[in-house]
Amino acid sequence: MPNGKKRVYDEFDNHVDVDRVIFACPSNAVGNIYPQHGKLEEVILNTPVYADDHHPSSGHMHAVMHSDPKMIEEPFREECLKRASNYVEVTRNDDESINIENQYNFGVQTPGLGIYDMPLKDKPAMLISHSPGKGKIIDPELVRGTGNHARAHPLYSGWNVAAQLSLRLVQGKNGIYYCSNWTTPGNCHDMSLLSGIVCAHAVGAKYPFEKNVEAKKDFFRLRDWMGV
């Protein structure tokens with residue numbers, strides 16, 4: 001806009017005029033939402049490659065959240081539910097191709113609301129299944145939801161790292177900031193979240209974990225990496 005502000009529209013054509021904008025979305029989406037980006041931004045935004053660019057229809061793009069412990073084979077079930085972060089089965093499909101089934105055990109990985117202080121042995125099954133093997137069916141009564149992992153996992157590649165490092169050349173330019181999994185060196189959950197905190201801090205928000213020394217070290221490291 002002539003006064004330097006940015007007009008941001010939502011899906012209902014409502015708008016708000018702001019001084020700065022943080023894009024927390026896949027890199028290609030930024031290019032579509034913000035067509036006024038420059039040539040350098042064009043190169044950076046077009047560089048990241050995601051896992052689903054290579055296998056868009058595989059079972060690992062689709063997740064089922066459930067509480068059916070029978071998805072883990074009986075000989076390993078009790079021990080895995082108590083201690084294992086993941087349970088993986090590698091089997092053959094009818095066409096002899098390899099199927100890799102992955103069960104994320106969030107009962108161990110993530111403390112759920114209302115059960116965070118329960119002893120581990122008493123926690124209910126909290127599984128996320130990807131690509132179940134032949135003949136394995138999740139009890140529909142125990143399904144809690146589904147998820148799609150499109151654009152959730154940038155590849156670990158030299159090109160992606162180059163794009164991430166190049167962001168320092170455009171972060172904050174014209175009041176535009178970028179955060180998300182593709183803006184970090186590892187695309188994991190904690191760094192993706194932290195990238196948002198870094199950008200929020202850059203536009204004036206207070207850092208929320210001031211007294212946590214180790215967390216603050218990570219904040220400074222990622223802020224340096226992102227060039228914010």
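At a glance:
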{"quantity": "In order through segment 23-31: 3J(HN,Hα) via Karplus (6.51 cos²θ - 1.76 cosθ + 1.60), integer Hz, x for Gly, Pro", "calculated": "8, 10, 7, x, 4, 5, 5, 4, x"}
{"quantity": "Total lysine pairs under 20 Å (Cα atoms) in segment 59-148, excluding pairs fewer than 8 apart on one chain", "calculated": "7"}
{"quantity": "Under the Karplus curve 6.51 cos²θ - 1.76 cosθ + 1.60, θ = phi - 60°, whole-Hz ³J(HN,Hα) for segment 78-89, x wherever Gly or Pro sits", "calculated": "4, 5, 5, 5, 7, 10, 8, 6, 9, 10, 10, 10"}
{"quantity": "Distant-in-sequence amide H partners of Ile22 (H built 1.01 Å from N, under 5 Å)", "calculated": "Tyr177"}
{"quantity": "Rg over Rh, two decimals, segment 77-228 (C-alpha only, Kirkwood Rh)", "calculated": "1.06"}
{"quantity": "Whole-Hz couplings from phi, Karplus 6.51/-1.76/1.60, listed for segment 160-170; x for Gly and Pro", "calculated": "5, 4, 4, 5, 4, 5, 6, 4, 4, 7, 10"}
{"quantity": "Likely footprinting exposure, Glu41, Glu79, Glu141, Glu11, fewest C-beta neighbours within 10 Å first", "calculated": "Glu11, Glu141, Glu79, Glu41"}
{"quantity": "Linear extension gain, Arg144 paired with Asp13, 0.36 nm per residue minus alpha-carbon span", "calculated": "43.8 nm"}
{"quantity": "Between segment 70-101 and segment 2-25, the Cα center-to-center distance that results, in Å", "calculated": "46 Å"}
{"quantity": "Partnerless Cys - the chain, beta-carbon criterion under 4.7 Å", "calculated": "Cys25, Cys80, Cys188"}
{"quantity": "C-alpha long axis of helix 213-226 to longest principal axis of the chain, angle in °", "calculated": "60 degrees"}
{"quantity": "Sequence of Ser157, Ser180, Ser131 once ranked by neighbouring C-beta atoms within 10 Å, starting from the fewest", "calculated": "Ser157, Ser131, Ser180"}
{"quantity": "Extended-chain gain in nm, criterion 0.36 nm per residue less alpha-carbon gap, Lys173 and Ser85", "calculated": "27.6 nm"}
{"quantity": "DSSP-assigned coil residues among chymotrypsin sites (Phe, Trp or Tyr not before Pro) in segment 1-85, each with at most 12 further Cβ atoms within 10 Å", "calculated": "Phe12"}
{"quantity": "On Cα atoms only, tilt of 189-202 relative to the major axis of the chain in degrees", "calculated": "20 degrees"}
{"quantity": "Förster radius 30 Å - calculated FRET efficiency between Phe220 and Cys25, Cβ distance, rounded to 0.05", "calculated": "0.75"}
{"quantity": "Estimated inter-spin distance, Asn3 and His54, nm [label 7 Å along Cα→Cβ]", "calculated": "4.9 nm"}
{"quantity": "For Thr91, Thr183, Thr146, order by how many other beta-carbon atoms lie within 10 Å, fewest first", "calculated": "Thr146, Thr91, Thr183"}
{"quantity": "Lysines with Cα under 20 Å of Lys173, excluding same-chain neighbours fewer than 8 positions away", "calculated": "Lys5, Lys6, Lys39"}
{"quantity": "Choice from Ala150, Ala163, Ala215 with maximal GNM fluctuation in the chain (Cα, 10 Å cutoff)", "calculated": "Ala215"}
{"quantity": "Sequence-distant residues sharing a close amide H with Tyr50 (under 5 Å, placed H)", "calculated": "Leu155"}
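The numbers here are math on the coordinates, done by the rules we state, and not lab data. Nothing here was measured: the structure is a model prediction, and the numbers come from that model. Please note: Cβ atoms are built from the backbone with ideal geometry, for glycine as well, and neighbour counts cover all protein chains shown.
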